[in-house]
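Asker: Dumping the structure here so I can ask a few things about it.
What follows is calculated from the coordinates using simple rules that are stated; it is not laboratory data. Owing to the predicted nature of the structure, the values given are computational and were not obtained by experimental measurement. Counting neighbours? That spans all protein chains shown, and the Cβs are built from the backbone with ideal geometry, glycine included.
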6 protein chains.
Amino acid sequence: MTRTPTDPDATAVADLAHELGVLKRVRRAGWWQVGVRDPESVAEHSLRVAQLAGLIAAEEGADPARAAYLGLWHDSQETRTTDLPHSARPYVARTAGNEAVTRDQVARLPEAAARTVTGAVAEYEERTTPEARCAKDADLLECLLQALEYRAAGYQHVQPWIDSSRAGLTTAFARRVADAALAGSTLGWHEQARRTQP
Amino acid sequence: MTRTPTDPDATAVADLAHELGVLKRVRRAGWWQVGVRDPESVAEHSLRVAQLAGLIAAEEGADPARAAYLGLWHDSQETRTTDLPHSARPYVARTAGNEAVTRDQVARLPEAAARTVTGAVAEYEERTTPEARCAKDADLLECLLQALEYRAAGYQHVQPWIDSSRAGLTTAFARRVADAALAGSTLGWHEQARRTQP
Amino acid sequence: MTRTPTDPDATAVADLAHELGVLKRVRRAGWWQVGVRDPESVAEHSLRVAQLAGLIAAEEGADPARAAYLGLWHDSQETRTTDLPHSARPYVARTAGNEAVTRDQVARLPEAAARTVTGAVAEYEERTTPEARCAKDADLLECLLQALEYRAAGYQHVQPWIDSSRAGLTTAFARRVADAALAGSTLGWHEQARRTQP
Amino acid sequence: MTRTPTDPDATAVADLAHELGVLKRVRRAGWWQVGVRDPESVAEHSLRVAQLAGLIAAEEGADPARAAYLGLWHDSQETRTTDLPHSARPYVARTAGNEAVTRDQVARLPEAAARTVTGAVAEYEERTTPEARCAKDADLLECLLQALEYRAAGYQHVQPWIDSSRAGLTTAFARRVADAALAGSTLGWHEQARRTQP
Amino acid sequence: MTRTPTDPDATAVADLAHELGVLKRVRRAGWWQVGVRDPESVAEHSLRVAQLAGLIAAEEGADPARAAYLGLWHDSQETRTTDLPHSARPYVARTAGNEAVTRDQVARLPEAAARTVTGAVAEYEERTTPEARCAKDADLLECLLQALEYRAAGYQHVQPWIDSSRAGLTTAFARRVADAALAGSTLGWHEQARRTQP
Amino acid sequence: MTRTPTDPDATAVADLAHELGVLKRVRRAGWWQVGVRDPESVAEHSLRVAQLAGLIAAEEGADPARAAYLGLWHDSQETRTTDLPHSARPYVARTAGNEAVTRDQVARLPEAAARTVTGAVAEYEERTTPEARCAKDADLLECLLQALEYRAAGYQHVQPWIDSSRAGLTTAFARRVADAALAGSTLGWHEQARRTQP
């Protein structure tokens, strides 16, 4: 019943691209517990993770593009697994790691395309390169910033998310940004932008 | 009235990070015209652009991480400008390009962090490197794929968005993926995933 | 830092009630894969499951209130685990069943309140009573009806959800309702209602 | 123009099930007045009402499954009437009670299915059994808990909803739970859950 | 406990303005029955009603501003009553008309402000002026156009809403617009706009 | 490929009406920057602008219906331009004013219909009549009231929007309403409504 595609390599990339589109809809599940009815998507989280990874890497002397690339793919498995909150841990276990999910996702891709994804996921999961550490800190820092933004939107109970994110940071610059964010305002950028306008 | 931050470099990065958070909320405006009440955000679009840029670059012999990095920042100016649809063009003009917006956004950033962003934006806007061309094709291809996904969700009038995206592609691989997507199904990946499950 | 409540029994019930409120926000994750941006919540699914369980039980000669009660609690563990889609199965395993989650949820409840929940969950999970079988069929039938409703809203790719739900039904009456739904219209009730109005 | 269904009993149940699906979309209208743009649905409210009815009945010595069953159907008429806020009362009157709506809803159902619904609605509306009183208290308590959750999400003006819900409670246990909720936190359950995790 | 305002006239207008803000949240309830999870608000409906009333009046030789003004206030009572769907009619009756609701809404307003609203509502409800007939036709035509737009978004079951709206039209020009809309496309305007662009 | 419509005048009005439907989806972009994920639409804003314009005009001795009519069309160009936030001003300029957009929008309309819209837009943009000044104040006042409503919903950073709206008001009555709103409560109307109920 399934037509054989005339260009299987391109079809496999199109299929993966549609699968990655699911990240636009998968919600970051922890925020539901805080009371957020329509929290941001995994895609929205991942974009800022990748951008923060680039900025942190720049200041930590690592490769910004590589750090960002790891951030870009770090939750791409959640098209299939969704985002499991911490509260699930006593009841649910991963029987296959993110590398295994990625391997299945890219199984039909042409070689170079497959390799660039599996390489990024493996490096991120191993956490041994400076870029992987910057990307992991970006993941935590993004959550902390989002918690502050939800607090500025009225949600009262975000402190546990701030604390656990702050505690996990390992790079000096990510810690400085976290502390600056905790001391600052979520709308500081806007005040600056207005001040410099004619 | 504004406290002077004790760590101005980190504060500037925190401010920019909060500004980038606005991309989670800015909607891709063209889809409103097609009838989509709650279309995807610029952040959601940008993440898949960056991922597609990496995949296209891998197959085109360019640097995947660099191409993705350009994709990551290509719409980051829309925190201030929002996403202007094509229909605005007869009435609205850019008086300063994306490089100028980015320059204002990173004005207070420490040097390395500022440079990594301005460099990425400049390279993308000039469109002279292979990575910039892959990122631009990823931008168009993402729109085409999203149009197909909206059609699969019931929206009838997406053809103009498909046609103009397809017409702008310049790399051979992006064109192949577009044609494969047009011949395939938005849920092909799911069928494959189920088939290979035990 | 935590105040000791003056009425620990009532506090435990209030805590559980707030936890059950999370079901209003947890989304039915499979529909994200079909392209639904804002699918129904687990609470919305569970209500119709319980109502259908009552109707099926009535026609199958089982106890409607009991069957409905099992349906009412059948996904109440998803406050902690969220709704795992089928696509997660190759990668994620339950290390503790729903009874274990429920046990933790009701650990501080007064005895009668705790027992009524654990009893319902245990009976549902064992699937040996007629009421448990009616509730399970209601769970599948609800998904099938929802798939038809998403199709009537424009979503094209719901067939796999229809097929797998239909295949799992075990009671004669649930099968008849599924077949009638497949042959009918999602707005048949509305046509009937208008016809009988003065 | 309407096909005669081959299985009218099953078709009638399928029709009612689609009608009950409307409860997933009907919003609890009072919250719009407080400023909530996307408040919970009647289905989401009803699920927690039914669950609370079971818990209250357990502690009040009534039949939990029966009390829950009454809660399950108590707003099922709102597929046709929607949820009328208190502010409508000076201008709008019910010309036929909930029993009459239910009678129309189940008019074509097979006898056992029809009777289980009409029996539950009649018992709830008469409010003479302990189970009906537990279900009514669950309705009010659910509203009070939801008001506290909206307050924890930032909404300032929920006090009138808390006061009127609290004032209507008639069972001792529901009053204790209300008072415990007013003295406690909407995220108390989460703190407990984390404390007991390894 | 309530402070006496120092400027009671202005306070009354501010209060009414906040009440009118509720129209941004009250949903057009009939669409829930068709399967629309997040249908347009009464405010969104009312704006297009007023605009259409102006256009119809212009072509019918009536006063466009007056017709629009009637449209602007025609559903303003729904801050208190919400939007009752047709299916509620056998069970719910208005005990006081829209003029009575409006009278309560403007009871504390300064005289000129109160009179402009009550005058518009009374003229609309009496339906004797050409402007009132244009505004009523605009109300029906708006519903018909919205039904076509939901159909173009994938919803299959909008025909009853089209038929009843079309049947109620009384002015020649509104009928012509309805027929043109039924023969045309919801995205015709976009095609025109693109054609005339440089 | 495009059918020639048999009634070009009515088709042009139907086309414009569908275009105006886009205002139901275009979001007021500034609120995204404050952290509002799903802010009100331009249509929702415009309705209250028109209603406020009528109320202000009544008290200022201007023509309420005319002032409201100007408010009704004042943002109708945003179907094509969307709502540009203040932060875009250093980078984006209007090359053609709102009159030019309107001229294109009504180009194919029959003459009376076209003239009523272009006349309203021209009068509003010139800001020389009392009605135009009332409508402009209504635009600012609506923003101020909405800011207060978002603050009552938990959003902390709305002060800049309040300040700039208040500063721009030019009529005495609009200023009084703004000051009364700043001194009052967003739910004052509800308290009044309950007090007068039997």
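Asker: Please work out which residue of chain A brings its Cβ closest to the axis of the rotation superposing A onto D, and round that distance to whole Å.
Answerer: Checking which Cβ lies nearest the axis yields A:GLY154, 1.
Asker: As a footprinting exposure proxy, order B:THR79, F:THR4, C:THR95, B:THR118 by other Cβ within 10 Å, with the fewest listed first. Could the numbers behind the result be given before it?
Answerer: Numbers: B:THR79 26, F:THR4 6, C:THR95 12, B:THR118 17.
The most exposed by this proxy come first: F:THR4, C:THR95, B:THR118, B:THR79.
Asker: If you put a point 7 Å past Cα along the Cβ direction, how far is that point for B:THR196 from the same point in each other copy, in nm, smallest first?
Answerer: Values, ascending and in nm: 4.0, 4.7, 5.3, 5.3, 6.8.
Asker: A further question follows. Counting only C-alpha contacts under 8 Å and six or more residues apart, can you give the relative contact order of chain F as a whole percent?
Answerer: Dividing the mean separation by the residue count of chain F yields 21 percent.
Asker: Can you list which of the trypsin sites (Lys or Arg not before Pro) found in region E:89-198 are DSSP loop residues with at most 15 other C-beta atoms within 10 Å?
Answerer: E:ARG127
Asker: Out of D:ALA29, D:ALA43, D:ILE56, whose Cα points farthest toward the positive end of the dipole of region D:1-59 (charges: +1 Lys, Arg; -1 Asp, Glu; placed on Cβ)?
Answerer: Value computed over the given set: D:ALA29.
Asker: Cβ under 9 Å from A:ARG27's Cβ, A:ARG27 left aside: what net charge do those residues give with Lys, Arg +1 and Asp, Glu -1?
Answerer: Here the charged neighbours net out to +1.
Asker: Related question: Between B:ARG103 and A:LEU182, what FRET efficiency follows from the Cβ-Cβ distance if R0 is 30 Å, with the result rounded to 0.05?
Answerer: 0.60
Asker: Please give the calculated 222 nm ellipticity per residue for chain B, where each DSSP H segment of at least 4 residues contributes -39500 (n - 2.57) and the sum is spread over every residue; nearest 500 deg cm²/dmol?
Answerer: -20000 deg cm²/dmol
Asker: Another question, if that's okay. Which whole number of Å³ per residue matches the convex hull of the alpha-carbon atoms in region B:8-196?
Answerer: Cα-based convex hull of region B:8-196, divided per residue, equals 142 Å³.
Asker: For A:GLY61, go 7 angstrom from Cα along the Cα-to-Cβ vector, then report the distances to that same point in the other copies in nm, smallest first.
Answerer: 3.6, 7.6, 7.6, 8.1, 8.7
Asker: Sticking with this one: With a ≥ b ≥ c the root eigenvalues of the C-alpha gyration tensor of the protein assembly as shown, is it rounded (a/c under 1.5), prolate (a/b larger than b/c) or oblate? Before the final figure, lay out the partial values.
Answerer: Working: a/c = 1.30, a/b = 1.00, b/c = 1.30.
Cα axes put the protein assembly as shown in the rounded bin.
Asker: While we're looking at this one, here's another question. Suppose every K and R has +1 on its Cβ and every D and E has -1 on its Cβ; what is the size of the dipole of chain B about the Cα centre, in Debye to the nearest 20?
Answerer: Value, rounded to 20: 480 debye.
Asker: Here's something else I'd like to know. Provide the net charge surrounding B:ARG176, with neighbours chosen by a C-beta distance below 10 Å and charges set as Lys +1, Arg +1, Asp -1, Glu -1.
Answerer: Residues close to B:ARG176 contribute a combined charge of -3.
Asker: Counting other beta carbons within 10 Å of each Cβ, put C:THR128, F:THR116 in order, fewest first.
Answerer: On the way: C:THR128 9, F:THR116 24.
Taking fewest neighbouring Cβ atoms as first place, the list is C:THR128, F:THR116.
Asker: When chain C is treated as a GNM, springs tying every alpha-carbon pair under 10 Å, which of C:HIS86, C:HIS45, C:HIS74 comes out with the largest mean-square fluctuation?
Answerer: C:HIS86
Asker: A further question on this structure: Between region C:135-198 and region F:1-56, what's the alpha-carbon centroid distance in Å?
Answerer: Spelled out, the Cα-based centre of one part sits 36 Å from the other.
Asker: Sticking with this one: Local charge sum around D:GLY61 (other residues, Cβ-Cβ under 15 Å, Lys/Arg +1, Asp/Glu -1)?
Answerer: For residues surrounding D:GLY61, the net value is -3.
Asker: Right, here's the next one. Full-extension gain between C:ALA93 and C:THR4, please, as 0.36 nm times their residue separation minus the C-alpha to C-alpha distance.
Answerer: This chain segment gains 28.4 nm when fully extended.
Asker: Of D:ALA178, D:ALA107, D:ALA65, which is the most mobile in a GNM of chain D whose springs link Cα atoms less than 10 angstrom apart?
Answerer: Largest GNM mean-square fluctuation: D:ALA107.
Asker: Another one. Once you've got the GNM for chain C with C-alpha springs shorter than 10 Å, pick whichever of C:VAL101, C:VAL92, C:VAL121 has the biggest mean-square fluctuation.
Answerer: Its mean-square fluctuation being the largest, the pick is C:VAL92.
Asker: Right, here's the next one. What's the magnitude of the charge dipole for the protein assembly as shown around its Cα centre, counting Lys and Arg as +1 and Asp and Glu as -1 at the beta-carbon? Answer in Debye, nearest 20. Don't jump to the answer; show the numbers that get you there.
Answerer: On the way: 138 positive and 162 negative charges, 1 e Å.
The dipole magnitude comes to about 0 debye.
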